[in-house]
Each structure stands twice: as C-alpha cells, then as structure tokens.
Amino acid sequence: MPITLKELADLCEARIQGGDLSAIIYAAADITSAQAGQVTQLTNSRYAQHIKNSTASACFIAEGFAADSIPEGMALLVCADPEISFIKAVELLHPARVYNPEIAPQAVLGNNVALGKEVFIGPYAVIGENAVIGDGSVILAGAYVGKNVKVGQNCRIYPYAVIYDDVVVGNNVIIHSGSIIGADGFGYKFRNNMHVKVPQVGNVVIDDNVEIGANTCIDRGALGSTTIGAGSKIDNLVQIGHNNKVGKNVIMCGLTGVSGSCDIEDYAILAGSSGVADHVTIGSGAVVMARSGVAGNVKAGAQVFGSPAKDKKTAYKEQIAVSKLPELLKKVKLLEEKIQALEAGVKTAP
Amino acid sequence: MPITLKELADLCEARIQGGDLSAIIYAAADITSAQAGQVTQLTNSRYAQHIKNSTASACFIAEGFAADSIPEGMALLVCADPEISFIKAVELLHPARVYNPEIAPQAVLGNNVALGKEVFIGPYAVIGENAVIGDGSVILAGAYVGKNVKVGQNCRIYPYAVIYDDVVVGNNVIIHSGSIIGADGFGYKFRNNMHVKVPQVGNVVIDDNVEIGANTCIDRGALGSTTIGAGSKIDNLVQIGHNNKVGKNVIMCGLTGVSGSCDIEDYAILAGSSGVADHVTIGSGAVVMARSGVAGNVKAGAQVFGSPAKDKKTAYKEQIAVSKLPELLKKVKLLEEKIQALEAGVKTAP
Amino acid sequence: MPITLKELADLCEARIQGGDLSAIIYAAADITSAQAGQVTQLTNSRYAQHIKNSTASACFIAEGFAADSIPEGMALLVCADPEISFIKAVELLHPARVYNPEIAPQAVLGNNVALGKEVFIGPYAVIGENAVIGDGSVILAGAYVGKNVKVGQNCRIYPYAVIYDDVVVGNNVIIHSGSIIGADGFGYKFRNNMHVKVPQVGNVVIDDNVEIGANTCIDRGALGSTTIGAGSKIDNLVQIGHNNKVGKNVIMCGLTGVSGSCDIEDYAILAGSSGVADHVTIGSGAVVMARSGVAGNVKAGAQVFGSPAKDKKTAYKEQIAVSKLPELLKKVKLLEEKIQALEAGVKTAP
C-alpha cells in the first residue's frame, strides 16, 4: 500500500529531515538492498557503512544516531525508537493478508460448534463437536480443531495445524502449519518386558498472545495441563513434552526440546537446539544458550552453556582451558623429564 | 465416568483401607493437585510429603509403602503395583474417545480398498488404491494412506499423519498427527558437480503395538525395508533414516535422529536429542544418554554419553577432569616456576 | 517392470560377463539380500565378502574391480560407473509412480489459478488465487499452495506439504509431506516487557532441482527472500530460518538448524543435527560435521567439528587430549609431590 513520505512519518511518529514530503513510498527493505521508493532503517552501527551508497528514499534513524554520509535526496525519519517505527512502516506498506469472514462450504463442523462473529473457516478445515471459535479468528484450510477445543478471539490457525481434543487456546494466538497441539505425552511403564502406555488424559492450555511456529509439538498433560503462558513465542520444530509449565514471555528457538514436568519461568530464553531434562526449573529470565543441555535447575537470571550446561563464565573458562590442553600435555611431559633430571642430580650430588 | 470407591478398588485390584466404600470417584489426578472426589497415587518417596495436605478421596499405594500422615477421610488403595493399578483407574475414569464405525462421506477411497469390520474413516481422509485397513482401525480426519498400504487391526492414525505408498503397519499401532511414514530416504551420488538422486524404492514395515509420536519421520528403504519392531515407542520429532532396523520395545525420545542402515537392537533406549551415525549397531538394552552422538557400535547393555559418545563412567570422569582443568593450568604454571627455581638452585649449588 | 539381462545391460551401459542374456531380471536389491531374478551392485570392498554366497542373477561392478569368488551363474555387469548404472537399473525395474494428469473434483482452486499442461492435482489440495503451476507438476492430496505462489515444471509436492503465500518454486523440485515453506520467521523486539512481532513480509525462493525432505521448515524472509540454490538437497526435520541464502548443491542432513541471515555457500555440507548461528557464512564446500554448532564464519573447504565448532584436526586433538586428562591430573599430583620432596631436599642439602 503506497503512501507519501509525509503520511508515513506521521503514522510512524517520526520527524522528517530532508527529502520530498510528497514522495511516494511503496515498500520497506533492508539497508543493504533498499532502493528508490523504499524506506529502510539504520539502527545498528554495524550496517552504518551501507547508508552512503543506498538509494533508499527514506531511512528511520534514532534521535542523535551519528550517521554521516547521508546520500543526497534520502529523507531521514528521525524518531525515538526506529525499530518500532519501522515495524509500523512495514505493517502499513505490507499489510497482513485479510481473510473476509466466511465458512467455506468444504469445511466440516461437528455438532454444537459455537462460532464467534466474523470468523473465517477455510476449505477442508475440520471443527470437532462442542468446539468454540472466538470472534475474528481465522482457521485456514485443512486446520483440525478437535472436540471441546476452545479457540479465543483473533487467532490465526494456519493450514494443517492440528489441535487435539480438549485444548484451550487464548486470544491473539498464532499457530503455524504443521504444529501439533495436544498429542499424547510420551509416558510408559515397563512391565513384563513391555512398555505399558500411561493414558494421557490431560490437555494443553495456551494463554493470550502466544505464537507457535511450524511443525512444533506441544503434548497434552498425562493428568492436568501442559501450559504456555501469555506472550511466549515458540519457534519451529520445538518439542514441549507433557506437563511442562511454560511461563509468560518465554522465548524458545528452533529444534529445542523440553522433556516433561518442567517449569520454564517468565522471560526465560531457550536458544536454538537446546534441551531441558524432566522435572527441571529454568528460573525467570534465565538464558540457556544454543545447543546446551540442562540437567538441573537453573537460577533466575543465570546464563548457562554446554552439555551438561554450566554457568556461562565457567563453561567459557573450561572451553579455553581445553583449547590449551594439547599444549599442556607437552608441558607436563617436559616437567616430568626435568624433575627426573633433578632427582638424578640430587641423588648424584656430592 | 464416575465410579464408587468400591468398584474402583475391585477393578484395579486394590484393597481399601479407610474411607467410604460408596464414595464417588470422578477423576484421577496427580498427588500435588488431587482434590475431593479424585483418586491419586503415591509411588515415589520424593512426593510423600504431599500426601499429608492432600484432599484426594483415595490414593493407590504399594503394599508396605511407609506413608505416615495419611489425612483423615482419605482411603488408601493398597495394591501390588500401584502404577499399573493407577493406569487402570485412569482408563476407567477418563476413557479414551471412541469413534463409532463410519466412513465419512468426505473421505476418498481409491479402487480396490479393503476395509475391515468396524472401521472409522474421518472426513477428508484419503485411502489409496489397493490399501487394506484392518478391523477396528480408526483413520482420523485428513490422514493419508497411500497406495498398497496395509494397516492392521485396532490402529489409530491421527489427523494428517501421512503414510506413503507400500508401507506396512501392524496391529494396535498408534501414529500421531504430522508423522510421515515412508518418505524418500536421503541418498545421492555426487557426479559432475551435482547430487544425483538414488531412487528410494523400498518401504517401511512397522510391527504390532508400536506408537509413533507427532511430526516424526520414518523414511522408506532405498531398497528393502526400514523396520520398526513390535512394542517400540517413538516420541515426537524423531528422524529415522532409510534402511534402519529398529528392534522390539526400543524407546526413542524426542528430537533424536538415526541416520541410516543402523541396527537398533531390542530394548535399546535413545534419550532425547541423541543421534546415531550410519551403519552403527546399538546393542540390546544399551542406553544412549540425552544429547549424545554415537559414531561407532555400542555394546549390549552399555550406557554411553557425550558427543562423540563414550562409556558413561569414562565420559563422567572426563567431565569432572575438565572442570578441574582451569585450576590445573595454574598448578602447572606454578610447577614450572618451582622447577626453574630448583634448576637454578642446582646450578648455583656449591 | 521385468526386463531381460541383455536389455538391462544395454540400457545401463554395461558389458555382460557370464550369465544368460535372456534371463529375466525383475528387481534390484542390496548385495546382502539379492536373490535369483534380482540384480545387485558391488562397489564397496567392505561388502565384497557377500558376493560369494549371493544368489543374485546379476551384479554391477566396475571395470577392473577385483572380485574373486563370483558364484557360478551370476552375470557380471561390468561398467564405468556401477553406482550410476545401478541407479538406472533401479529406475527401470522400479519405476516411480506416475500420476495421470487430472484435477481431482475435491481440489479447491482459487480465482485466476494458472495450470500448465499435464498437471495432476489430488483430492483436497488447495491452490490459492493467482497461483501458477507449471507443466507436468504433481500436487498430491491435501497439499496447500498459497496465494501468488509459483510452482515450476515437473515438480512433485507430496500430501500436506504447505507452501505459504508468495513462495516461488523452480522446476523439478520435490517437496515431501509435512514440509512448511514460507511460515513466518522468528523475529521480535522486546519492548515494555513484551515481545513485539516483527512482520515477516518476505518470501522463499527455491531454485531448480531442489529436494526437500519431510517435516522440514523454511521460513520466509522478514523483508526480501530466503533462498535455496539449484540442486541443493535438504533432509527431514531441518529448520532454515528467515533470510538465509543457501547456495547451489548444498547438503543439509536431518535435524539441522540454520538460524537466520546466513550464507551457506555452494557445495557446503551440514551433517546431521548440526546448527549454525545467525549472520554466519559457511564457505563453499565446507563441511560442518554431525552435531556441530557453528558460531562464526567457516572458510571455504574447511571441515569443522564440535560445539562451538573448530577446525576438525584441532577438535580431534582436543578430544584426544581430554581423554588423557584424568591421567594427567594424577601425573601432576605426583609431580607436585616430587617437587615438594626436591624442594625439601634442596633446603636440607648440606
């Protein structure tokens, strides 16, 4: 949606410095590729070098950001928080796809389904009996919403996301394609040389403003609920086992696994390909670094690395020490020889 | 399904101690949350402390388990194997959803499909030509069953599980949503600077009583079969490459990968996020610990840890040694100085 | 499709040595299992021992390969490149399933969809408005092709693969079931104690001859494109984050994750369960070994191992050194004692 520079600045709470107020801006782009007619942002000094050759028509920049070599004709959009202003610009210039309320004739709705106002249900979506879909929610083609499921308002469920029976989803939740919410947890008892399945009769409860990436799995509780707190963001291909309690505004990056019955407290960050053993607490605001495996509790605010994960500083110290180890082996061998010589010397001393 | 305490005890092979035989039990719950009208279990002394404040109406407990402070009014359900009795109780109180036999009008069945008795096929399921579905099996909405596939009796295939052509599935097999059984193995030959695809014309054969979690992938053999032995349980997001032979009652936890042509023998356990290189044998009953990467054969009964994985004790010893390494570096530096002093002393000795 | 030995040899560019020219070959099999009527290959001396007891009717073998003990009656198919000849044989004997051009009545096509010649669209496939499907492409049951998507010629999109809006797919591309192409990248800005979603308005561009395994995720660019170069092969359960540039003929094995804005240059190999941090360049032809985690740039042709990943030789040296570490600790303790003795000796020396 093209817009004038003047409108863009007003809507994004920026002050224009230079440029032509009536110029048409039609797209947003990265500073490395933005061209005439496009707006970009400069927020990281690492990219400052790119501005001087940029042909972008406008650039969001923080009040007081030291950018020299601004190309002639580029308008600066000076603002308090250029990252947030740029997000607004992207939303204006590249509006999200709107789905006009409609129940596709190819959707299958079970008995006693309660649909809110202005709901979109795509073709081949299947909505189980007694399910509730809140106002403004969009259930795209082929999404599966099980029996007794509650989906809140303004949610977006992408194609072939699967929500098993009894799951509860809050408002403004996004679930991407291929994510499976509420499959059975992985629990067996070993008897008579066989694995006896423990029934998984709990559910999953997802609070408001959660986003779940593609092909992620969140298992239902064995008894009780697996819960995801408000505002938490979960990337693709993440495994969240049964009975985990994930707090608010938690971040979990791709390919991370949380086994079961863990407490992942508010604002914790689990970086890519990390893992957490069962019955572990990751304290509020703690950071589990990429590829780390946590076997015991992590204190609030701590940063841990490695497998098994340790305090980041300790882990780094050990890493550096390991890199010196081949050299150390040689040194010790030399010391042994010297001591042998000294011992011989002492013995032969007059 | 509510039930009296007396009935519950009888059906779960427990002896009632205390409580009211005619009390109605309507649900099972964990000991940390169970309330009046609910039954729980106490099998782990770690949770023994929770019993004294519990308002649960009944609690399964082992013959001879030392539990003091039983709250007044709580019935003890004393039995030989409380975990198994509790599983029975959960099954009674929270019966699995039953799908009445039906072929949904929106299902697509290819030519010559053979359906057993009392089969359920959900809307938008697609069953390929010549497929066979055994008695009592439930194929849920949108599940895809390819050409020539055989599904045994009493299986449950969840929405959007995909079974490629020619796959064979035994009896009592559960396949959760998003799992892909029989996609092409990952095989190429590098010629003329290109990767030439090796045709993957084998299949997957899954034996009885296997459970496969959500979004797991089991690739077909290049030639011949990838096989999963009876009673094996595979968690979510597991990758099993082509031509692996997985034995009986094997456990594979979430995010584990087995590359190809491996033998994973009976009762082996691959813990979460572990991995196995190609052409490797994991011996019967061996345990690959979480996040370990196995590059060579593992003996029956062995427990290995780390990447590359080693015998658990060796790996632990090394881990402890590494934690002492920064200190060791300092010690050796001190020794060097002392030896230098000694050498100087020897030289200057009269 | 059965075929005579003579025809097989001619079509696969091999010279027959021994055997009966008119014998019927009906299948290809591995050397460990091939039987009468089947053809196999012997290309790896590790398997040479299996030939003497094989009942296979024919075996592809390289000109000059030293194979003794050829069973009587087995025809050798001598050729320049037995692996490639065998691939041809497999293709002849086990031809890939052909889908006759057809638009299933249960497919849903949006407005203004452009279908090429001889296209197959399976039941319950959903093709969004303005999508373009090239000649000869096969869109299997339930595959989802979003709005404005372009799919090239002779592609195969398996059941329940999902292609989000605006994605571009080249020619001869294979996308297996459950793969999600073009879901939102994982990007947020933390403000006022909340994660604010950065709109993900770019797309994914996949070049010719790419194969994408099952349940793999390739996220759309935040702005601009995530790109996959021609001939690259991506295994199952791989996570490719937003704005990555993947070169030509790259190999990515199962459970690998590439976070975002990386350059994975031509012919690079990312082995199983490896990971790459954001904004990293993996140079042309570099190899990231299994389970390695790359935090910084890797030079062209380098081979790296470990987490954090290092040059393979350095990493191996360190691994060996670590295995000697428990012993080293003892040695140093002994040296300390000896030095103490020496120091005492010096002090007490007359």
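Our coupling estimate for the range A:2-19, obtained by passing each phi through the Karplus curve with A = 6.51, B = -1.76, C = 1.60 and θ = phi - 60°, is x, 7, 7, 4, 4, 4, 4, 4, 5, 6, 9, 6, 10, 9, 7, 10, x, x Hz, Gly and Pro reported as x.
Averaged over the residues of peptide C:305-311, the number of Cβ atoms from other protein chains lying within 10 Å of each residue's Cβ is 3. Counting protein heavy atoms only, the range A:50-113 has 50 percent of its accessible area on carbon and sulfur, 1.4 angstrom probe.
Between rounded, prolate and oblate, where does the range C:3-93 land on the alpha carbon gyration tensor, with a ≥ b ≥ c its root eigenvalues, rounded for a/c under 1.5, else prolate if a/b exceeds b/c?
Numbers: a/c = 1.39, a/b = 1.21, b/c = 1.15.
It comes out rounded by the Cα gyration axes.
Database remark: amide H of residue A:303 closer than 5 angstrom to the amide H of A:287, A:312 (H placed geometrically; neighbours at sequence offset of 5 or more, or on other chains; Pro and chain starts carry no H).
Report, in debye and to the nearest 20, how large the dipole of the protein assembly as shown comes out about its Cα centre when Lys and Arg carry +1 and Asp and Glu carry -1 on their Cβ.
Its charge dipole is roughly 3240 debye.
Summed over both chains, the contact between B and A buries some 4900 Å² of accessible surface at a probe radius of 1.4 Å.
For chain C, a/c is not less than 1.5, where a ≥ b ≥ c are the root eigenvalues of the C-alpha gyration tensor, and a/b does not top b/c. That puts it in the oblate class. Placing a label point 7 Å from Cα along the Cα-to-Cβ axis, residue B:49 is separated from the same position in the other copies by 5.8, 5.8 nm, shortest listed first.
Starting from one equal scatterer on each C-alpha and no solvent at all, send me the Debye-based log10 I(q)/I(0) for the range A:161-308 at q = 0.21 Å⁻¹, two decimals. One equal scatterer on each Cα of the range A:161-308 leads to -1.26. Charging the Cβ of each Asp and Glu at -1 and of each Lys and Arg at +1, and nothing else, the dipole of the range A:3-93 about its Cα centre rounds to 180 debye. Each residue of the range B:229-236 was assigned a 3J(HN,Hα) from its phi angle through the Karplus expression (A = 6.51, B = -1.76, C = 1.60, θ = phi - 60°), giving x, 4, x, 6, 10, 10, 7, 6 Hz with x at Gly and Pro. In the range C:161-308, Cα pairs under 8 Å separated by at least six residues give a relative contact order of 14 percent.
Atom-type composition of the exposed protein surface of the range A:161-308 places 52 percent of the accessible area on carbon and sulfur (1.4 angstrom probe). Packing here is the average count of other Cβ atoms within 10 Å per residue, and on that basis the peptides A:106-112, B:34-40, A:179-185, highest first, run A:179-185, B:34-40, A:106-112. Between the listed residues B:341, A:151, C:67, the Cα displaced farthest toward the positive end of the dipole of the protein assembly as shown, a dipole computed from Cβ unit charges relative to the Cα centre, is found at B:341. Using Cβ point charges alone (K and R +1, D and E -1), the dipole size of the range A:161-308 about the Cα centre works out to roughly 440 debye.
Here the 3J(HN,Hα) profile of the range C:189-203, calculated from phi with Karplus coefficients 6.51, -1.76 and 1.60 at θ = phi - 60°, is 10, 8, 9, 6, 6, 9, 8, 8, 5, 7, x, 10, 10, x, 8 Hz, Gly and Pro shown as x. Inter-copy label distances at residue A:111, using a point 7 Å along Cα-to-Cβ, come to 3.9, 3.9 nm with the shortest given first. Local charge for residue B:71 was computed over the other residues whose Cβ lies under 15 Å away, with Lys and Arg +1 and Asp and Glu -1, and equals -2.
Model label points for residue B:317 and residue C:313, set 7 angstrom from Cα along the Cα-to-Cβ axis, are 3.0 nm apart.
For the range C:265-334 versus the range A:155-223, the spacing of their alpha-carbon centroids is 36 Å.
Counting only other chain Cβ atoms within 10 Å of each residue's Cβ, the peptide B:330-343 averages 5. Sorting B:140-148, B:288-296 by their mean Cβ neighbour count within 10 Å, with the most densely packed peptide first, gives B:140-148, B:288-296.
Determine the shape class of the range A:46-190: with a ≥ b ≥ c the square roots of the Cα gyration tensor eigenvalues, call it rounded for a/c under 1.5, and otherwise prolate if a/b is greater than b/c, oblate otherwise.
prolate
When DSSP beta bridges are limited to those with both residues in the range B:215-350, what percentage is antiparallel, rounded to the nearest 5? The antiparallel proportion sits near 10 percent. If a spin label sat at a point 7 angstrom from the Cα of residue C:6 along the line to its beta carbon, the backbone N atoms of the range C:26-55 nearer than 18 Å would be those of C:26. Excluding ligands, DNA and RNA, what is the solvent-accessible area per residue of the range C:3-93 at a probe of 1.4 Å, expressed in Å²? The answer is 48 Å² per residue. The calculated pair-distance distribution of the protein assembly as shown uses every alpha carbon pair, bins of 10 angstrom beginning at 0, and gives 2, 10, 17, 22, 19, 13, 9, 5, 2, 0, 0 percent. Suppose we compare each residue of the range C:238-272 in its chain alone and in the full protein complex with a 1.4 Å probe; which ones drop by at least 30 Å² of accessible area? Residues of the range C:238-272 that lose at least 30 Å² of accessible area once the other chains are added: C:239, C:249, C:251, C:255, C:267. Past the 23 Å Cα-Cα mark, which pairs from B:338/C:317; A:324/C:333; A:150/A:245; A:313/C:330; B:197/C:299? Violating the 23 Å limit, Cα to Cα: B:338/C:317; A:313/C:330; B:197/C:299. Shape summary: the range A:228-273 maps onto an equivalent ellipsoid whose semi-axes, from the alpha-carbon gyration tensor, are 14, 13, 8 Å in decreasing order. Each principal axis of the range C:123-221 carries a Cα extent, and these read 52, 26, 24 Å when sorted largest first. Distances between copies of residue B:63, taken at a point 7 Å out from Cα along the Cα→Cβ vector and listed shortest first: 7.8, 7.8 nm. Note that the range A:256-350 presents 48 Å² accessible area per residue, ligands and nucleic acids not counted, probe 1.4 Å. Proximity of backbone amide H atoms, modeled 1.01 Å from N, is registered between residue B:27 and B:39 at under 5 Å, excluding neighbours fewer than 5 places apart on the same chain. For a modelled paramagnetic label at residue C:336, 7 Å from Cα along Cα-to-Cβ, the residues of the range B:317-342 in reach, with backbone nitrogen under 16 Å, are B:321-339. Interface burial in the range B:176-200 reaches 30 Å² or more for B:176, B:177, B:180, B:184, B:186, B:188, B:189, B:191, B:193, B:195, B:197, B:199, comparing the full protein assembly with the chain by itself; accessible area from heavy atoms with a 1.4 Å probe.
What residues in the range B:120-167 lose 20 Å² or more of accessible surface when the other protein chains are added to their chain alone (1.4 Å probe)? Buried on complex formation: B:123, B:124, B:126, B:141, B:144, B:147, B:158, B:159, B:160, B:162, B:164, B:165. Inter-label distance, residue C:45 to residue A:44: 5.1 nm, where each label sits 7 Å from its Cα along the C-beta direction.
The values are calculated or read from the model by the stated rules, or taken from the named source; none is laboratory data. This structure is a prediction, so every number in the text was calculated from the model and none was measured. Every residue, glycine among them, receives a Cβ derived from its backbone with ideal geometry; neighbour counts consider all protein chains shown. All accessible areas refer to the heavy atoms of the entire protein, side chains included, with ligands and DNA or RNA removed. Shrake-Rupley method; radii C 1.70, N 1.55, O 1.52, S 1.80 Å.
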